[in-house]
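Presented below is the structure to which this report refers.
The values are calculated or read from the model by the stated rules, or taken from the named source; none is laboratory data. Bear in mind that the values here come from a model prediction, so they are computed numbers and not experimental data. Every residue, glycine among them, receives a Cβ derived from its backbone with ideal geometry; neighbour counts consider all protein chains shown. What goes into the accessible areas is simple: the full protein's heavy atoms, side chains included, and nothing from ligands, DNA or RNA. Shrake-Rupley method; radii C 1.70, N 1.55, O 1.52, S 1.80 Å.
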Amino acid sequence: MSSSDFSAGRGGAEAAPQSLADRTGYDELFLGPPVPLPKPADADVETVILPYTHFTVVLRPDRRLAAATAVCIDGQRLLDDVPREDNWRLDPRLPAARQVGKEVYADNTLDRGHLVRRLDPVWGERGEAVQANDD
């Protein structure tokens, strides 16, 4: 993604919807035998599946946070020379009011943490790895 893919949004920059349209996310067959995407055991709990490059977030919009994440890691193809960016973005695929933004973490000791360790999905061809890093 380039800086032109972003626009100002509540709580931080927001990715343009088309910039995430082609993401396929976590691959349940990545390890060979099927490993299903984790989801809450209670089928009545609303979730939104948000695929990114090599990982997926299972979001609980009622709590505005992730219920689970799943990532495919190809250790032989990891790239560790992709620079870290500290761009906090809301996901344009759902309303800003249904996700946590920077405002939750401002002026307090809460750590934003990571839904997925930044370098775990950063593998493959350079462009693909950079995209995973940006996601």
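Within region 104-135, can you find the residues that are open to solvent by 80 Å² or more (accessible area, probe 1.4 Å) and of a type outside the set (A, V, I, L, M)? Correct list: Asp107, Thr109, Asp111, Arg112, His114, Arg117, Glu125, Arg126. Ala66 meets the stated requirement of being surrounded by 15 or more Cβ atoms within 10 Å (Cβ to Cβ) and more than 18 Å from Glu28 (Cα to Cα).
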